[in-house]
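Read the structure below first, then the notes.
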Amino acid sequence: MNAAAGRDVTLRLLGPGEPPVRAGINPQQVVSVLFETDIDTWRRGWLGPTDRTPAQEGIVMASDTTRSVSAASPAGTHVIPRERLAYTLLDGPQAAAPVIEAVRDLLVRTGTVASTVFVDDLAAADMDRSERLTLLIDLLTLVSDSGGAVVIGCSPERAGGALVDQLLQKANRVRVTDYRWVERVERLRRSDPTTYGYVRQHWAEAAQGIEACGRNYPQAKQVHDSLVDPRTNSRTLGMTLSGLASLSVLGTWNDTVGPTRYDLTAYDPAALTHTGVAFSLVSGQVHAER
């Protein structure tokens, strides 16, 4: 069963040519968590052709980048009744707890109607990997308990395998605007179902090994040695790396004799994210947003 059962969670990848994270969603009660977008730009975004300003909005400004003209305001929550807005300034938290507490407070302030919570770009949070994962899990629990929905933006090039894997496990649906990655994964499933199975099962662990490995041209065993408590062995990880190379996520170094060496200088984190999304869609783990 999908871990997202009973939740309303949408993942929207960001980047050039992609619509804004809140495009086409017009809830009345909103709490927005900003790690990348300044508050003025975010508020102006509600004036687009397909969006309208919510009846009430709470904003958590969770990094220095998001302060904009409100930089002179002290940390804490500020209420602007005429704009039906409350915003909370945090001092660039590097832990999940202050963000969760700020969201909890704003959910109470926005009233009894279930709110939609937007995260502008979770990958931009200035936190280590474990804190990002804690933030994701605690946020989804908090909003689910209140009967609300969550829409999470994520920059594919800086998310990392562990975060993308958790996002896909928690999401019901994902926005897809470029189906080329899905087509590549479909071709792999048809042409080499064994490799498809390895990559589908282990792509996230392979990404973590790549990200942890300090070598430019390692063998699969050296990537595997970079992992902590791996579920794979060096053989299954090698099959997974080979499959990822065939999908242009990383390269292979041909100037060698013996076991394959992988060119990690060619590793493309954005391609890894899109590939992980494609496997989740092809396997039915998540659904494409309609």
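The numbers here are math on the coordinates, done by the rules we state, and not lab data. From a predicted model like this one, the values you see are computed outputs, not experimental measurements. Methodologically, a virtual Cβ is constructed for each residue, glycine included, from the backbone with ideal geometry; neighbour enumeration extends over all protein chains shown.
Some notes on this structure:
- Extension gain for the segment D145 to D263, taken as residue separation times 0.36 nm less the Cα-Cα distance, is 38.0 nm to one decimal.
- Size descriptors for the range 144-214 (Cα atoms only): Rg and Dmax, in that order, 14.7, 45 Å.
- Between A97 and S130, the contour length at 0.36 nm per residue exceeds the Cα-Cα span by 10.6 nm.
- Zero-based 10 Å bins, Cα pair distances in the chain, whole percents: 6, 28, 31, 20, 11, 3, 0, 0
- Within the chain, helix-based [θ] at 222 nm, where runs of 4 or more DSSP H residues each add -39,500 (n - 2.57), nearest 500: -12000 deg cm²/dmol
- Length gained when the stretch E83-D105 is fully extended (0.36 nm per residue, less Cα-Cα span): 6.1 nm
- The range 9-175: C-alpha gyration tensor shape, a/c 1.5 cut-off, then a/b vs b/c: rounded
- The chain - share of DSSP beta bridges that are antiparallel (%, nearest 5): 25
- Nearest 10 degrees, 0 to 90: helix 269-282 Cα axis against the chain principal axis: 90
- Among V108, V176, V151, the largest mean-square fluctuation in a Gaussian network model of the chain, built with springs joining Cα atoms closer than 10 Å, belongs to V108.
- Listed residues A271, A206, A123, most fluctuating in the chain (Gaussian network, C-alpha, under 10 Å): A271
- Modelled spin-label separation between L47 and I137, with each label point placed 7 Å from Cα along the Cα-to-Cβ direction: 4.2 nm.
- Remark: spin-label model distance S246-A270 equals 2.5 nm, labels positioned 7 Å along the Cα→Cβ axis.
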